[in-house]
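The values are calculated or read from the model by the stated rules, or taken from the named source; none is laboratory data. Model, not experiment: these values are computed from the prediction. Positions of Cβ are backbone-derived with ideal geometry, glycine not excepted, and every protein chain shown enters the neighbour counts. Surface accessibility is based on the protein's heavy atoms, side chains included, excluding ligands, DNA and RNA. Shrake-Rupley method; radii C 1.70, N 1.55, O 1.52, S 1.80 Å.
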Amino acid sequence: MPSAPIAVVTGASSGIGAATARQLAAAGYRVVLTARRKDRIEALAEEIVAAGQQAMPYALDVTDRAAVDEFATAFKTIAVLVNNAGGALGADPVATSDPADWRQMYETNVLGTLNLTQALLPALTASGDGTVVVLSSTAGHGTYEGGGGYVAAKHGAHVLAETLRLEIVGTPVRVIEVAPGMVRTEEFALTRFDGDAEKAAKVYAGVAEPLTADDVAETITWAVTRPSHVNIDLLVVRPRAQASNTKVHREL
Ligand code: 8X3
């Protein structure tokens with residue numbers, strides 16, 4: 001099979017990351033699936049290969065800089081890096097939330113993105129046509145009560161993307177930020193509420209059609225597959241029923 005351009009997707013074991021990996025593979029990329037859960041990315045890579053496309057799994061924790069640097073040595077050129085790994089922990093007020101949750105959210109959402117971007121930037125530049133995608137969130141553009149640590153971390157991811165775009169202008173690398181609002185995936189809310197299914201379900205209660213992982217993956221794939229000279233700086237994507245972080249129409 002001819003060698004296709006490489007797209008690295010972090011957090012590819014589920015949700016938006018897995019959906020993006022499937023869609024980028026279908027768009028002709030050789031997708032490198034990274035996540036901590038090896039069994040999941042192995043199964044997804046097998047599924048993609050069985051569909052006649054190209055994928056390979058690589059178990060990686062984005063917060064482990066030494067492991068990320070080791071991962072980066074495997075590539076001379078990379079076309080696309082999708083920084084998707086991240087997530088929310090807790091929804092407590094600033095006054096009572098757990099600093100350990102804040103620290104972990106900063107580690108995954110911001111420093112994880114920093115680690116991968118720094119380590120792979122030489123290979124992205126060497127491709128002559130690289131694209132860095134930062135999956136931030138509408139939480140990176142406005143706050144809400146109980147959002148605290150997650151909002152702070154996603155603002156960090158947004159600022160990383162915006163600053164990097166300024167700093168590398170003139171090099172052949174684009175920086176695209178995609179900021180999804182309410183997306184119903186199998187794990188996002190469940191992780192946030194430490195496995196409490198009832199609390200997780202309340203997030204989407206009465207909302208006609210929250211976005212799906214595929215909706216966001218389509219947006220990412222569209223932005224990445226624009227001609228090289230077109231830089232989609234920022235796409236904010238919400239379900240129709242969500243007008244802002246705090247204004248959601250619920251049919252209850
Ligand atoms: C997810 C959006 O509203 O849960 O990134 O912060 S929200």
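Things to note:
- All positions within the stretch 73-85 that are away from the ligand (no atom under 16 Å from the Cβ), assigned to a loop (DSSP other than H, G, I, E, B) and surrounded by 20 or more Cβ atoms within 10 Å (Cβ to Cβ): I78, A79
- Every pair of residues 6+ apart whose Cβ atoms lie under 6 Å, when the first sits in the stretch 198-222 and is at pLDDT 95 or above while the second is surrounded by 14 or more Cβ atoms within 10 Å (Cβ to Cβ) and among the aromatic types (F, W, Y): K199/F193; A200/F193; P210/Y204
- Leading residue by the ranking (farthest from the ligand (Cβ to nearest atom)) among those in the stretch 106-129 that are over 17 Å from the mean Cα position of the chain (by Cα) and either surrounded by 23 or more Cβ atoms within 10 Å (Cβ to Cβ) or not in a helix (DSSP H, G or I) (or both): G128
- Residue, farthest from G140 (Cα to Cα), within the stretch 177-199, restricted to residues that are more than 10 Å from the ligand (Cβ to nearest atom) and of a type in the set (A, V, I, L, M): A197
- In the stretch 194-249, the residues that are in a strand (DSSP E or B), closer than 20 Å to V80 by Cα and touching a Lys or Arg at 6+ places or on another chain (Cβ under 8 Å): none
- Of all residues in the stretch 1-56 being of a type in the set (S, T, Y) and part of a loop (DSSP other than H, G, I, E, B), the one that is modelled with the lowest pLDDT: S3
- Single residue of E198, E251, E187, E167 found to be exposed (fewer than 12 other Cβ atoms within 10 Å of the Cβ) and touching a Gly at 6+ places or on another chain (Cβ under 8 Å): E251
- Odd one out for E70 among (1) in contact with a Gly (Cβ under 9 Å, 6 or more places away or on another chain); (2) within 23 Å of P122 (Cα to Cα); (3) open to solvent by 50 Å² or more (accessible area, probe 1.4 Å); (4) assigned to a helix (DSSP H, G or I): (1)
- From A201, A217, A213, A223, residue being more than 19 Å from the chain's Cα centre (by Cα) and of a type in the set (G, A, S): A201
- Complete set of residues in the stretch 147-164 that are within 12 Å of the ligand (Cβ to nearest atom) and open to solvent by less than 20 Å² (accessible area, probe 1.4 Å): G147, G148, G149, Y150, V151, A153, K154, A157
- Checked against the criterion of being of a type in the set (A, V, I, L, M, F, W, C), surrounded by fewer than 17 Cβ atoms within 10 Å (Cβ to Cβ) and over 14 Å from the mean Cα position of the chain (by Cα), the candidates A55, A25, A100 yield just one match: A100.
- One residue from A88, A59 being of a type in the set (A, V, I, L, M, F, W, C) and more than 16 Å from the ligand (Cβ to nearest atom): A59
- Of all the listed residues (T171, T138), the sole one being of a type in the set (S, T, Y) and either within 10 Å of the ligand (Cβ to nearest atom) or modelled with pLDDT under 95 (or both) is T138.
- Among the residues listed as G147, G195, G170, the single one being in contact (Cβ under 8 Å) with a residue 12 or more places away in the chain and not basic (K, R): G147
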